[in-house]
Amino acid sequence: GAWCSAHYLRTNLRSTVDQLSLGHREGRVWILVFDGMRFDTWRFVVKPLLAEHFTVVDDRPHFCVPPSFTTVARASLLAGCGPKQWQGFQGQWTGDEFTLAARNFGLTQPEAKAKLRLQKEAETLKARSKLNRPDADASTVNILIYGISDECHDFYGDFGSFQEKIRHDLLGNAAKGVGGILDDLLRRIGPDDEVAVVSDHGFTELLTGDACAVSAAEVASAGRSLKDDLQWRYAVGFAPKAASATVAVDFNGETHHMAVGRQWFCREGTKQPARFAHGGCTLAEMVVPAVRLKRVT
């Protein structure tokens, strides 16, 4: 529906890509994907920093495509549709993000090679140095994926500390001569360019009292793998018996049972669970930003 983030890029940028491809306008398209960025992270951390240099347009929340984990949510965002409709250039099913993005913008396979760039882990110094080239060498459509919010899996501090870390990643440290992501963007994005900032999913905190214990025997009786099919916020192929509620979503022939609310699935024998996770059904995981920016001159 209208609140689904999967439609955002096509609705707002497809005509621009068409005009650029035909040579009817100047500039480029930049799609900045902040993997795992919650809506409140956008509103309180990222937006105030970007708003000093960009005019923010269409600032309203959207829902991601469930299950709320990267494999589904990010590919759906770039594809402009849900997993059942993902198609390659020859009409076959594919999960390749480059191909899905190209088809979403109406690019043929030869056009995609010449006009589309997709850079994963774009926040790393190595990736930024590769992209730090004259503007004339940039592609017509540039998709940069930043994983700074998706590092929640390995972060054990509190939520405020995590937000501050994201802020530091954006700004860098001028005193130590370390540039941030924002510095890199300002070197590359020009006044004629169209910019979109989007996120594929958010995350939620796993509190000890909300753990839903799942035994190895229960997983085995469902014919599933404890390691591969039971995640903190969803279970593949079965609904844990102790869960008060789950939401079932099909992906690639498998039913994913998403945890609802604060409840999360704890494997038998777990000693230290993650502090933050995603893949379930809460507003913290499923509400994401999708906005357009214009460089302030």
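The values are calculated or read from the model by the stated rules, or taken from the named source; none is laboratory data. Please read all numbers here as calculations on a predicted model, not as lab measurements. All Cβ positions, even for glycine, are placed from backbone atoms using ideal geometry, and neighbour counts span all protein chains on display. When the accessible area is computed, the model is the full protein with side chains, heavy atoms only, and any ligands, DNA or RNA have been set aside. Shrake-Rupley method; radii C 1.70, N 1.55, O 1.52, S 1.80 Å.
Some points to look at:
- Modelled spin labels at residue 215 and residue 111, positioned 7 Å past Cα toward Cβ, are 5.8 nm from each other.
- Applying both filters, DSSP loop and at most 14 other Cβ atoms within 10 Å, to the trypsin sites (Lys or Arg not before Pro) of the stretch 242-297 gives 271.
- Percent breakdown of C-alpha pair distances by 5 Å bin, ordered from the shortest bin, for the stretch 241-297: 4, 13, 19, 20, 17, 9, 6, 5, 4, 3, 1, 0
- Accessible area in the full protein assembly, largest first, 1.4 Å probe, for 30, 232: 232, 30
- Here the Debye sum runs over all C-alpha atoms of the stretch 145-269 as equal scatterers in vacuum, and log10 of I(q)/I(0) at q = 0.14, 0.21 Å⁻¹ comes out as -0.77, -1.20.
- Extension gain, residue 49 back to residue 271 (0.36 nm per residue minus Cα-Cα distance, nm): 76.1 nm
- All alpha carbon pair distances within the chain were sorted into 5 Å bins beginning at 0; the resulting P(r) in whole percents reads 1, 5, 12, 15, 17, 16, 13, 9, 6, 4, 2, 0, 0.
- Cα-based shape type of the stretch 40-120, given that a ≥ b ≥ c are square roots of the gyration tensor eigenvalues and the cut on a/c is 1.5: oblate
- Centroid-to-centroid separation of the stretch 39-64 and the stretch 219-273 [C-alpha atoms, Å]: 33
- Percent antiparallel among DSSP beta bridges (both partners in the chain, rounded to 5): 55
- Rounded, prolate or oblate (a/c below 1.5 giving rounded, otherwise prolate when a/b exceeds b/c) for the stretch 34-82 by Cα gyration tensor: prolate
- With every protein chain in place, the stretch 137-243: carbon and sulfur % of accessible area (1.4 Å): 50
- Most simply put, the stretch 201-297 has about 70% antiparallel DSSP beta bridges, counting only bridges with both residues inside it.
- Take the convex hull of the alpha carbons in the stretch 141-197; its mean projected area over all directions comes to 5.2 nm².
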